[in-house]
Amino acid sequence: MKPPTHQDSGGQALLDLARRAESLMARLEALLPPPATPPDWTAAVAWRYRRRSSGWNHGGALEPVRNVAQIRLDDLKEVDQQKERLLQNTAQFVAGRQANNVLLTGARGTGKSSLIKACLNEFSGQGLRLIEVDKADLVDLPDLVELVSQRPERFVVFCDDLSFDEGEAGYKALKSALDGSVAQAGDNVLIYATSNRRHLLPETMRENLSYKHTEDGEVHPGEAVEEKISLSERFGLWLSFYPFSQEEYLAIAEQWLRALGVPEKKIAGTRQESLIWALERGSRSGRVAQQFARDYAGRHALKR
C-alpha cells in the first residue's frame, strides 16, 4: 500500500470543504423565510398584512379578515362633504378610471376610519378589496404592491392612525410608493390613510425659525419643514375632519340609538344623558356618541 500523496490530501481537503459549505448553506436556508404562497383571494374582501421577524427570519403574510365591520355610508352623519368626495374617488377607482391616494386628517373619533370601511362595504361587490397595513410594516409595501399588481380586483391599502417619528423606515417606503419610486405602483392599488397629524410627522416650534421672508413679503419654509410637508403632499386628495358641535354630536348619538334598536319615544329623552356622557369624556366625537348609544341600549335592554 503506497502512502497518500500530496495530491490525494488536497482532494480530500476539498471534499471536506464542500461538505462543510453544504452544511452551512442548509443552516442558512433554514433561517430564510419560506417562499410566499399566494393567498386565497376568495376567502375575504378585507385582509391584514402581518410582518414577522425572528432573528434572521423575516417574512410577511396576508391574513383574511373574516368579520368585516358592517358600517354603511348611511350610518355616518355630519360628514356629508367628506363622504361625497371619498365616495366619488372610490367609484372612479373601482370603474378603472383615474383616482387619487387619500389622506383623511383631523379630530379623533370623527369617522375617518369608519368612512373607509363603509366604502369597502359599498363597493366590495364590484371588486374592491382592502388590505390593512400597520405603519411598522410599510417597509414591505413595494413587495405587497407587486403581489397584487396582476390581480383583477382593485385594492385599497389602508393605513390607520398614521404618523411617523423622525427616521422611521416606513416613512421612506410610503413616500416612494406614493410618488417618486422608479417602479410605479400598479393602477389597481390606492393608498388610503388616516391621521390626527396633517403632515404625519411631529412638528416643533424651532422649525418655524427656518422660514425665510423675502422682500416682497413671501414666506418660504426651510428644508426641515419642506421634508415634513412633502409626504402629505403626495396624497392627491386631502379630506379634513373637524370637531362636532353639540347639535351634530346629538344627531350622531340619535342615529346610533336607532341603529341599535332603541324606540323613537326613548331616543327623545336621551338628550341630557348623552350630553353628560360627552362632558365626562371631555369630547363630543362620533366615537363617544357611539359609545353612549351602546351603553344606553345595553342598559335598557337588560331592564326589559
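The values are calculated or read from the model by the stated rules, or taken from the named source; none is laboratory data. Keep in mind the model is a prediction, meaning the values are calculated, not measured. Heads up, the Cβs are rebuilt from the backbone with ideal geometry, glycines too, and the neighbour counts pull from every protein chain shown.
Odds and ends about this structure:
- Set D140, D74: member being more than 18 Å from L190 (Cβ to Cβ) and outside any loop (DSSP other than H, G, I, E, B): D74
- Any chance E247 is among the acidic types (D, E), farther than 20 Å from R129 by Cβ and at pLDDT 90 or above: yes
- Pairs, first free of Cβ contacts under 8 Å to residues at least 40 places away in the same chain in the stretch 266-283, second outside any helix (DSSP H, G or I) and surrounded by 12 or more Cβ atoms within 10 Å (Cβ to Cβ), C-beta under 6 Å, six or more apart: A278/R284
- Residues in the stretch 247-293 that are of a type in the set (K, R) and either surrounded by 14 or more Cβ atoms within 10 Å (Cβ to Cβ) or under 16 Å from D74 (Cβ atoms) (or both): R258, R281, R284, R287.
- Hits in the stretch 268-304 - residues which are closer than 25 Å to F241 by Cβ and aliphatic (A, V, I, L, M): L275, I276, A278, L279, V288, A289, A293
- Of the residues making up the stretch 145-175, those that are modelled with pLDDT under 75 and among the acidic types (D, E) are D165, E166, E168.
- Some residue of the stretch 50-63 being modelled with pLDDT of 85 or more, charged (D, E, K, R), within 30 Å of D187 (Cα to Cα) and within 19 Å of the chain's Cα centre (by Cα): yes
- L120 vs. criteria in a helix (DSSP H, G or I) and either closer than 19 Å to D40 by Cβ or in contact with a His (Cβ under 8 Å, 6 or more places away or on another chain) (or both): yes
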